[in-house]
Amino acid sequence: MTRPARHALTVPGRTGVERELRAVRSPYDGTVIAEVEQATHADIDATLEVQVARHRDHDAHLPAHRRIQILTTAAGLLRERREAMAEQIAREGGKPWRDALVEVDRAVTGLHLCAEQAGSLRGHEEPMGTTPASEGRLAFTTREPIGVVAAVSAFNHPLNLVVHQVGPALAAGCPVIVKPASATPLSCRSLVTILHEAGLPPEWCVALPMAGSVAEHLVTSEHIGFFSFIGSGEVGWRLYRRLAPGVRAALEHGGTAPVIVDEHVELDRCVPALVKGGYYHAGQVCVSVQRVFAHREVKDALVERLVDAVERLVTGDPRSPDTDVGPLIEQGEVERVHDWVTQADGAGAVVATGGRALGNQCYAPTLLVDTPDDARAMAEEIFGPVVNVVGYDHLDEAVARANAVPSAFQAAVMTRDLDRALYAARRLDATAVMVNDHTAFRVDAMPFGGRGRSGLGLGGIPATVEEMTRPKLLVLR
């Protein structure tokens, strides 16, 4: 039997250190793909010492032209390794092959966007001469890197999410430590290796897989300037409360994304969008379609078409080009999702299709109809391949029910009536509202983030670069 590859850590100033190993397993068949060394408190301290010194030494900063060159070169290297990276994403994360290819393409685009941002950082002129005291002065701002970035990433986009955290940090001129999700560290490691190959000095970006308890040592350090977190709200808010004074943060959690379908809708356009938005990556996306509020005039026809489309989805091995829906990421997730479906069924929901485990950590794409609003499958983020369809009579009712949860992220309205679309969009509690598209739509340059329990601050590459810099005012007399 071939022994899985062992991935050693490269930590500034620490060589020949014995560390604990963690197995990386395929979520589909349980195969051990690799064994990865886990960082310790000492590894974090050694990395921070070097990175803080680089940040404080202005002469050691990477000039913008060099950052642009590194990010652009890295994008080219990533494009050359497109299929190998997609294979890795599918193996360690369970994302279907076709979607994994799309993720790599997005990551390439993301690195180019970061390079563009590195070349467009600018301040602005502050008006002087408006008072006698300010006469004869010129004032303007510049933008400076905020400091060391500590990035904690998630499993569901193991390459592109890291690009959205590491890329902006480097574009802003910040050193960065990235903790990948424990289930999917290999894609992160590959990206960091590519950045180093592209000319980035190794100490400017260090990938440190580590246990959650060790990660708290990183996040709570007074030596970081910015904390970037993508993952569960429970963990994110707990870590946020422990940040050192003055550390800025961006948190990206999840939600129970609502879609309002009114009676003026083209079902031929609506159904494919709902299916893609609801079952993409087995529903393990923070803005997956979860709650569909359908006007009673179209609800039955919508359900009938959705059932037909969902039952044609292929669930299975993520490495197969025919697979639409892959496995859930961790042991126990199939049982949890099934418990929520069973609870909804017992509370009066109709299981129109699915509602069963399929083996290999896969759960059948499931459609629930008439789910009570207080059922967990409606009220909480299910993070599995489950979509709910419920009826409504009046648009205000649909909006009120869509807003009746503590989380708020992206939402959608499907209608041919522009007035209704705008009416609903203005009233929906969401950071973004899609019209005639699913809630999981995203372009990497657009602002992206949750409200309330769903997050803090905005992601999206331009917004993140701005967050990872800070202004400095210069006044010339």
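Things worth noting here:
- Residues considered: ALA90, ALA75, ALA64, ALA86. Of these, the only one that is farther than 30 Å from ASN360 by Cβ and either surrounded by 20 or more Cβ atoms within 10 Å (Cβ to Cβ) or without any contact (Cβ under 8 Å) to a residue 40 or more places away in the chain (or both) is ALA75.
- Leading residue by the ranking (farthest from ALA244 (Cα to Cα)) among those in the range 134-151 that are open to solvent by 10 Å² or more (accessible area, probe 1.4 Å) and of a type outside the set (D, E, K, R): GLY136
- Residue that is farthest from THR220 (Cα to Cα), among those in the range 30-46 that are within 25 Å of the chain's Cα centre (by Cα) and not hydrophobic (A, V, I, L, M, F, W, C): GLY30
- Of the criteria (1) at pLDDT 95 or above; (2) assigned to a helix (DSSP H, G or I), which one ASP59 fails: (1)
- The range 349-359, residues that are in a loop (DSSP other than H, G, I, E, B) and of a type in the set (A, V, I, L, M): ALA349
- Answer residue from the range 174-183, given it is open to solvent by less than 10 Å² (accessible area, probe 1.4 Å) and of a type outside the set (Val, Ile, Thr) and is nearest to VAL24 (Cα to Cα) among those: PRO180
- The set of residues from the range 32-46 being in contact with a helix residue (DSSP H, G or I) (Cβ under 8 Å, 6 or more places away or on another chain) and over 18 Å from VAL206 (Cα atoms) comprises ILE33, ALA34.
- Tally, over the range 12-52, of residues that are open to solvent by less than 50 Å² (accessible area, probe 1.4 Å), of a type in the set (A, V, I, L, M, F, W, C) and either within 13 Å of MET210 (Cα to Cα) or in a helix (DSSP H, G or I) (or both): 10
- Among all residues of the range 270-278, there is at least one that is open to solvent by less than 10 Å² (accessible area, probe 1.4 Å), at pLDDT 95 or above and within 24 Å of LEU159 (Cα to Cα).
- Those strands (runs of 3 or more DSSP E) of the range 360-446 in which 2 or more residues are open to solvent by less than 10 Å² (accessible area, probe 1.4 Å) and farther than 20 Å from ALA347 by Cα occupy 410-414.
- Conditions (1) touching a strand residue (DSSP E or B) at 6+ places or on another chain (Cβ under 8 Å); (2) on the phi > 0 side of the Ramachandran plot; number of the one not met by HIS124: (2)
- Test: residue in the range 251-259 that is charged (D, E, K, R) and surrounded by fewer than 19 Cβ atoms within 10 Å (Cβ to Cβ): no
- The sole residue among THR184, THR141, THR193, THR131 that is among the β-branched types (Val, Ile, Thr) and in contact with a Phe, Trp or Tyr (Cβ under 9 Å, 6 or more places away or on another chain) is THR184.
- Taken over the range 232-252, the criterion of being farther than 21 Å from VAL465 by Cβ, assigned to a loop (DSSP other than H, G, I, E, B) and at pLDDT 95 or above is satisfied by ARG241, ARG242, ALA244, PRO245.
- Scope the range 196-221; condition surrounded by fewer than 16 Cβ atoms within 10 Å (Cβ to Cβ) and of a type in the set (Gly, Ala, Ser); matching residues: GLY199, ALA211, GLY212, SER213
- Residue among VAL298, VAL307, VAL334 that alone is at pLDDT 95 or above, touching a Gly at 6+ places or on another chain (Cβ under 9 Å), open to solvent by less than 40 Å² (accessible area, probe 1.4 Å) and not in a loop (DSSP other than H, G, I, E, B): VAL334
The values are calculated or read from the model by the stated rules, or taken from the named source; none is laboratory data. All values reported here derive from a predicted model rather than from experimental measurement. Backbone-built Cβ (ideal geometry, glycine too); neighbour counts: all protein chains shown. SASA here: full protein model, heavy atoms, side chains in, ligands and nucleic acids out. Shrake-Rupley method; radii C 1.70, N 1.55, O 1.52, S 1.80 Å.
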